[in-house]
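Report on the structure given below.
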Amino acid sequence: MTEEVQISAEVPAPELEATAAPETEVIQPEEKPAEASKTFTQEELDAAIGKRLAREQRKWEREQAQRSAQAQSPRMPVDIPPADQFEAVEAYADALATRKAEALLRSRESQRQQQEGLSA
């Protein structure tokens, strides 16, 4: 056994050879010419801003219409029964007047809200 140990000790290990070193490649950032940057004319800017404002206006109007529909649905008056179901003609006339007054108030309120929204 001693001979085996001596033989393996005498055999030198193979030398490591550098095969290929990884090449480090330096990448220079490309210079962009000043011409490549996008410039906008005032008309193009106005058109883009106008489109965005119109989109926001439509969105706001949809939201307002939805809110007013939700607010008005519980307050909608019940249909007035025929005149022959009232005790007196005056009671029927009062019911009609009340119904028209409520409709007028709702109409004015919605117009006021629209005006506030447009001026804001």
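The values are calculated or read from the model by the stated rules, or taken from the named source; none is laboratory data. Just so it is clear, the structure is predicted and the values come from calculations on it, not from any experiment. Backbone-built Cβ (ideal geometry, glycine too); neighbour counts: all protein chains shown. In case anyone asks, the SASA skips ligands and DNA or RNA and just uses the protein heavy atoms, side chains included. Shrake-Rupley method; radii C 1.70, N 1.55, O 1.52, S 1.80 Å.
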Ignoring ligands and nucleic acids, L118 exposes an accessible area, probe 1.4 Å, in Å² to the nearest 10, of 110 Å²
With every protein chain kept in place and a 1.4 Å probe, the residues E25, E102 fall, from largest accessible area down, as E25, E102
Simple spin-label estimate for L96/Q64, 7 Å along Cα→Cβ, in nm, reads 3.4 nm
With every protein chain in place, the accessible area of D46 for a 1.4 Å probe, in Å² rounded to the nearest 10, comes to 90 Å²
Accessible-area order for F40, F86, largest to smallest, probe 1.4 angstrom, reads F40, F86
Yeah, the stretch 39-120 with a ≥ b ≥ c from its alpha-carbon gyration tensor (a/c under 1.5 is rounded, else prolate when a/b outruns b/c, oblate otherwise) is prolate
